[in-house]
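Asks: First, the structure itself, so that you have it in front of you.
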Amino acid sequence: MTDPINSRIRGRGKRRKPVSGRRRATTFVAWSAGALVLVGGSGLGYVYFKLDGNLRGVDINAQLGRDRPANADNGSQDILVLGSDSRAGANAKYGKDGGGARSDTAMIVHVYKGHKKAAVVSVPRDTLVDRPDCTDSAGRTVAGQRLAMFNTAYEVGGPACAVKTVEQMSGIRMDHYIEVDFTGFKRLVDELGGVKITTTQAIDDTKSHLKLAPGTHTLDGEQSLGLVRTRHGVGDGSDLGRIQLQQSFVKALIEQVKSIGLFSSPKKLYDLADTATKAITPDSQLDSVNELIGFADGLKSLGAKDVHMVTLPVRYDPADPNRVLPLTEAARQVWTALARDKPIPASATKDSAGDKGPARTVVETAATG
C-alpha cells in the first residue's frame with residue numbers, strides 16, 4: 001500500500017474555479033451529520049421505529065472486500081461522515097449538477113472506548129492524496145490517481161471509494177459510513193428552533209448571503225447554512241478558515257439538541273426524527289431502525305465538551321495555493337493516536353495551516369474550545 005503523504009508526483013495543475021454556492025452548502029451537511037452522530041442517543045432513536053421507511057443504506061463492505069485495515073476491536077468506533085453535493089430533489093435550489101456529485105466535506109469521527117469522548121478530524125476537500133483503485137456501485141474498476149484531490153474519490157467511485165481512500169491514508173478501518181443531505185439538515189435546524197451562537201465580530205458575506213452584527217444570535221436553517229458556507233466575510237477567506245467556523249457551529253448544534261428537552265413534546269421528537277432519517281444515507285449495517293437505535297444509544301452520553309475537533313494537519317501546496325498537502329509526520333501522529341484509541345496530541349496540529357488564522361475566534365459557543 002503506498003504512502004500518499006510521502007508521494008510527491010504532481011497531479012493535474014488546474015487552478016480551482018471559484019467555489020459555487022452549491023458546494024459551500026455541502027459543508028453544512030457533513031458538520032450537521034457529525035452532530036447527529038454525536039447526539040444520536042438524545043432521544044431521536046426512540047421514535048425511529050416509526051420511520052424505518054426513510055432509511056436507505058449502501059453496502060460498503062461488499063464493495064470493499066477484504067483489502068482493508070484490520071478491525072481494531074478495542075471498543076472504539078470510527079465513522080466516516082460525508083456530505084454530497086447532489087442536486088436532486090429539494091437540493092436543486094442550490095445549483096445544477098456538474099456531471100457528478102462530490103463530497104466537499106469529510107469528517108472522521110472517532111468514538112473512544114467507553115463512548116465518553118470523541119475526536120473529529122476534518123479532511124479539507126482539496127487535500128492532495130493518493131487515491132487507490134476502487135470498485136464503484138456498478139462493479140466497475142476505477143483507476144487510482146497519485147496526488148488527486150481528496151473529494152474526487154466520491155465523485156469517481158462513490159461512497160466505497162471515499163471510504164477506501166480514507167482507510168488508505170489513515171490506516172484505520174471505518175466501522176460505519178454516513179452520507180448526509182444539506183437540505184434535510186437545514187430543516188433539522190428549523191425543527192430544533194434554531195441554533196444559538198455568539199459572533200465576536202461582524203460577518204457580511206455576499207457569497208453566502210449572511211449578515212450578522214457582533215453579538216448573540218439564534219440562527220434558523222438558512223442562516224446556519226449561510227454561516228457554514230461563509231468564507232469571504234471572515235478571516236483570511238480560505239476554506240481552512242471556513243472549517244474553523246464549522247467546528248464552532250457543530251458544537252453549538254450538539255448543545256442545542258442536548259438542551260431542548262425532546263421528551264417534553266412527542267410531536268417535536270417525531271418531526272426531528274423524520275427530518276434526520278430522511279437526511280442521511282448510512283451504510284448497510286445502520287440502515288434499519290433497530291441498528292440505528294443501538295448505534296445512537298451508545299453515543300447518548302457525549303456532549304459538545306466531550307468532542308475534540310481538529311483539521312488534518314496540512315500546508316499549502318507551494319505549486320498551487322488552491323491545494324493543500326498533508327504534513328507527513330503530524331498527520332501520522334493524528335492517525336496513530338486514533339488507531340491506538342489515544343487523544344490527539346497538541347503537537348500534531350500546532351504547525352498546521354488548518355489550525356491557524358483568525359476565523360477560529362469569530363464564533364463562540366458554550367462549548368468552544
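The values are calculated or read from the model by the stated rules, or taken from the named source; none is laboratory data. Computed from a predicted model, the values in this text were never measured in an experiment. Positions of Cβ are generated from backbone atoms using ideal geometry, with glycine treated the same way; all protein chains shown enter the neighbour counts. Just the protein is used for accessible areas: all its heavy atoms, side chains included, with ligands, DNA and RNA removed. Shrake-Rupley method; radii C 1.70, N 1.55, O 1.52, S 1.80 Å.
This table checks each residue for (1) in contact with a Phe, Trp or Tyr (Cβ under 9 Å, 6 or more places away or on another chain); (2) charged (D, E, K, R); (3) surrounded by fewer than 21 Cβ atoms within 10 Å (Cβ to Cβ).
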{"position": "Pro313", "(1), (2), (3)": "no, no, no"}
{"position": "Tyr316", "(1), (2), (3)": "no, no, yes"}
{"position": "Asp320", "(1), (2), (3)": "no, yes, yes"}
{"position": "Ala331", "(1), (2), (3)": "no, no, no"}
{"position": "Ala337", "(1), (2), (3)": "no, no, yes"}
{"position": "Ala359", "(1), (2), (3)": "no, no, no"}
{"position": "Val362", "(1), (2), (3)": "no, no, no"}
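Asks: Let me ask something else about it. In segment 201-211, which residue that is open to solvent by less than 10 Å² (accessible area, probe 1.4 Å) and part of a strand (DSSP E or B) is nearest to Arg360 (Cα to Cα)?
Replies: Among them, the one singled out is Ile203.
Asks: List pairs: first residue in segment 237-254 and within 10 Å of Gly354 (Cα to Cα), second residue open to solvent by 10 Å² or more (accessible area, probe 1.4 Å) and assigned to a helix (DSSP H, G or I) anywhere in the structure, Cβ distance under 6 angstrom, at least six positions apart or on different chains.
Replies: Leu240/Ala353; Gln244/Arg360
Asks: Using the structure shown, decide if Glu179 is part of a strand (DSSP E or B), open to solvent by less than 40 Å² (accessible area, probe 1.4 Å) and among the charged types (D, E, K, R). Steps first, please.
Replies: Numbers: part of a strand (DSSP E or B): yes; open to solvent by less than 40 Å² (accessible area, probe 1.4 Å): yes; among the charged types (D, E, K, R): yes.
When the stated conditions are applied, Glu179 passes them.
Asks: Is it the case that some residue within segment 336-349 is at negative phi, modelled with pLDDT of 95 or more and touching a Gly at 6+ places or on another chain (Cβ under 7 Å)?
Replies: yes
Asks: Further question: Across segment 191-220, what is the number of residues that are modelled with pLDDT of 90 or more and closer than 12 Å to Leu253 by Cα?
Replies: So the count comes out to 7.
Asks: Next up: Which of the residues spanning segment 339-350 are among the charged types (D, E, K, R), closer than 24 Å to Val250 by Cα and open to solvent by 80 Å² or more (accessible area, probe 1.4 Å)? Talk me through it step by step, then tell me what you get.
Replies: First, the residues of segment 339-350 that are among the charged types (D, E, K, R): 340-342, 350.
Subset that is closer than 24 Å to Val250 by Cα: 341-342, 350.
Within segment 339-350, Lys342, Lys350 meet the criteria.
Asks: Quickly run through segment 132-174 and pick out the residues that are modelled with pLDDT of 95 or more, more than 21 Å from the chain's Cα centre (by Cα) and either hydrophobic (A, V, I, L, M, F, W, C) or over 18 Å from Asn61 (Cβ atoms) (or both).
Replies: Those that are modelled with pLDDT of 95 or more, more than 21 Å from the chain's Cα centre (by Cα) and either hydrophobic (A, V, I, L, M, F, W, C) or over 18 Å from Asn61 (Cβ atoms) (or both): Ala143, Gly144, Gln145, Arg146, Leu147.
Asks: Now for a separate question. List the residue pairs whose Cβ atoms are under 6 Å apart, where the first residue sits in segment 165-182 and is under 12 Å from Ala276 (Cα atoms), the second is open to solvent by 30 Å² or more (accessible area, probe 1.4 Å) and of a type outside the set (Phe, Trp, Tyr), and the two are 6 or more positions apart or on different chains.
Replies: So the pair list comes out as Glu179/Thr281.
Asks: So which residues in segment 223-238 are open to solvent by 40 Å² or more (accessible area, probe 1.4 Å) and either among the β-branched types (Val, Ile, Thr) or within 12 Å of Val195 (Cβ to Cβ) (or both)?
Replies: Within segment 223-238, Gln223 is the sole residue that qualifies.
Asks: What are the pairs, 6+ residues apart or on separate chains, where a residue within segment 289-305 that is surrounded by 14 or more Cβ atoms within 10 Å (Cβ to Cβ) has its Cβ under 6 Å from a residue that is among the aromatic types (Phe, Trp, Tyr)?
Replies: Close Cβ pairs (under 6 Å, with a partner that is among the aromatic types (Phe, Trp, Tyr)) amount to Val289/Tyr48; Val289/Phe49; Leu292/Tyr48; Ile293/Tyr48.
Asks: Sort out which residues of segment 121-141 are β-branched (Val, Ile, Thr) and surrounded by 21 or more Cβ atoms within 10 Å (Cβ to Cβ), and write them in order of number.
Replies: Once the filter is applied, which keeps residues that are β-branched (Val, Ile, Thr) and surrounded by 21 or more Cβ atoms within 10 Å (Cβ to Cβ), segment 121-141 yields Val121, Val123, Thr127, Val129.
Asks: Mind listing whichever residues of segment 149-176 are open to solvent by 20 Å² or more (accessible area, probe 1.4 Å), touching a Leu at 6+ places or on another chain (Cβ under 8 Å) and either in a helix (DSSP H, G or I) or polar (S, T, N, Q) (or both)?
Replies: Correct list: Tyr154, Pro159, Lys164.
Asks: Has segment 274-284 got at least one residue that is in contact with a Pro (Cβ under 9 Å, 6 or more places away or on another chain) and over 25 Å from Ser76 (Cβ atoms)? Explain how you work it out, then say what you get.
Replies: First pass over segment 274-284, keeping only residues in contact with a Pro (Cβ under 9 Å, 6 or more places away or on another chain): 281, 283.
In the following step, the residues that additionally are over 25 Å from Ser76 (Cβ atoms) were identified as none.
No: zero hits.
Asks: Taking the condition assigned to a loop (DSSP other than H, G, I, E, B) and open to solvent by 10 Å² or more (accessible area, probe 1.4 Å), does Lys113 pass?
Replies: Against the criterion (assigned to a loop (DSSP other than H, G, I, E, B) and open to solvent by 10 Å² or more (accessible area, probe 1.4 Å)), Lys113 qualifies.
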